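Engineer: Here it is: the structure, laid out below.
Since every read-out is calculated from the coordinates, none of them should be taken as a lab result. Because the structure is predicted, anything quoted here is derived from the model rather than measured. Here the Cβ positions follow ideal geometry from the backbone for every residue, glycine too, while neighbour counts run over all protein chains shown.
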């Protein structure tokens, strides 16, 4: 397994350790098995810790394309990121029965927005208030 330029995290294959990417844009492979908010969280987390070149590139194939679009749109709408590039390509995918198919692949490149810190702090404040309210209701 190649982990060049990465550290931390896990791969999708049998939970093998994967290092966190530190060189170039952070690649987020969007899948249809998760909600778009998971990928928003991943991008925000990277934007928060990235010191140099805070760029996220979302990759999606098939039904994951709409999830990637939702995640990117949410990041831009809430002032965490701005679009730098959106492109498509055709990739060859091999199925389990060794049949090869050509599929469309979407690439969305996002850069951390100048208002990221303020948007992040506002979200965290609201999240903490919401959690405090839920805790209070639970204890009543």
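Engineer: Please compute the Cα-Cα pair-distance distribution of segment 26-139 with 10 Å bins starting at 0, giving whole percents from short to long.
Structural biologist: With 10 Å bins starting at 0, P(r) equals 14, 38, 27, 14, 6, 1.
Engineer: Go through 54-62, 34-42, 108-116 and give me the packing order, highest mean Cβ count within 10 Å leading. Working shown, then result.
Structural biologist: Values: 54-62: 20.3, 34-42: 16.4, 108-116: 18.7.
My ranking of the peptides, most packed first, is 54-62, 108-116, 34-42.
Engineer: With a cut-off of 16 Å, note down the residues of segment 58-92 whose backbone N falls inside the zone around a label point 7 Å from the Cα of residue 99 toward its beta carbon.
Structural biologist: Output list for this probe position: 92.
Engineer: Of the listed peptides 124-135, 92-103, what is their order by residue-averaged count of other C-beta atoms within 10 Å, with the highest listed first? If you can, show how the numbers build up before the last one.
Structural biologist: Values: 124-135: 10.0, 92-103: 8.3.
Averaged packing, sorted descending, gives the order 124-135, 92-103.
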